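Participant: Pasting a structure below so you can have a look.
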Amino acid sequence: MAIDPTLEYDDNNIFAKILRGEIPNKTVYENDYVLAFHDINPQAPHHILVIPKGAYVSWDDFSARGSDTEISEFVRGVGHVARQAGMVESGYRLLANIGRDGHQEVPHLHVHIFAGKPLGPMLNNG
Ligand code: AMP
């Protein structure tokens, strides 16, 4: 179910538990500011999630409250993960779902990275 975009940060969301080490994940990259791991239900041959380590509900929350360092480290982290995974030459897609109409399900900011095949048109209006 998609989240209410006005929600306050929930310390018990699944990505908060991953960050605390309470739930396992398949990490592909980590530094002081970001964690990147394989999506548990991949929608493309390569499907990686990148999250900031700070407690931010969504892109909206992060872009309003995140520090300059957190924001630049996150943007650089996403680019690094895609380069590290060898996605640049063939290309890839970034996606961040925000709130109800964005169909965000986990209320901790995450950027999806999809790659590994032609990804088709931008939106499936289903
Ligand atoms: P969104 O709809 O943008 O909030 O996407 C949430 C994503 O989190 C989905 O693609 C899920 O498959 C993924 N997901 C949920 N739980 C886990 C988990 N424990 N480990 C990795 N990915 C997860």
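The values are calculated or read from the model by the stated rules, or taken from the named source; none is laboratory data. Model, not experiment: these values are computed from the prediction. Because the Cβ atoms are built from the backbone with ideal geometry, glycine has one as well, and the counts that use them run over all protein chains shown. Quick note on the areas: whole protein, heavy atoms, side chains included, nothing else; ligands and nucleic acids left out. Shrake-Rupley method; radii C 1.70, N 1.55, O 1.52, S 1.80 Å.
Participant: Does Ala82 satisfy the criteria of being within 16 Å of the ligand (Cβ to nearest atom), over 26 Å from Glu8 (Cα atoms) and at pLDDT 95 or above?
Facilitator: No; evaluated as a whole, the condition is false for this residue.
Participant: State which residue is farthest from the ligand (Cβ to nearest atom) when the search covers only the stretch 13-40 and only residues that are open to solvent by 60 Å² or more (accessible area, probe 1.4 Å) and farther than 14 Å from Lys53 by Cα.
Facilitator: Result: Glu22.
Participant: Please count how many residues of the stretch 100-116 are near the ligand (Cβ under 10 Å from one of its atoms), in a loop (DSSP other than H, G, I, E, B) and either of a type in the set (Lys, Arg) or within 16 Å of Ile51 (Cα to Cα) (or both).
Facilitator: Looking only at that region, the number is 7.
Participant: Restrict the check to the stretch 55-71 and report whether at least one residue is touching a Ser or Thr at 6+ places or on another chain (Cβ under 8 Å) and crowded, with 19+ Cβ neighbours inside 10 Å.
Facilitator: No, because not a single residue in the stretch 55-71 is touching a Ser or Thr at 6+ places or on another chain (Cβ under 8 Å) and crowded, with 19+ Cβ neighbours inside 10 Å.
Participant: Still on this structure: Within the stretch 41-52, is even one residue open to solvent by 20 Å² or more (accessible area, probe 1.4 Å) and aliphatic (A, V, I, L, M)?
Facilitator: No, the conditions are met nowhere in the stretch 41-52.
Participant: Part of a loop (DSSP other than H, G, I, E, B) and touching a strand residue (DSSP E or B) at 6+ places or on another chain (Cβ under 9 Å), is that true of Asn97?
Facilitator: Yes.
Participant: Still on this structure, please answer the following. Tell me which of these Ile3 doesn't satisfy, since it passes every other one: (1) surrounded by fewer than 18 Cβ atoms within 10 Å (Cβ to Cβ); (2) in contact (Cβ under 8 Å) with a residue 60 or more places away in the chain; (3) of a type outside the set (Asp, Glu).
Facilitator: (1)
Participant: Something else: For Gln43, which of the numbered conditions (1) out of contact with any helix residue (DSSP H, G or I) (no Cβ under 7 Å at 6 or more places or on another chain); (2) under 20 Å from Asp4 (Cα atoms); (3) near the ligand (Cβ under 9 Å from one of its atoms) fails to hold?
Facilitator: Result: Gln43 passes all but (2).
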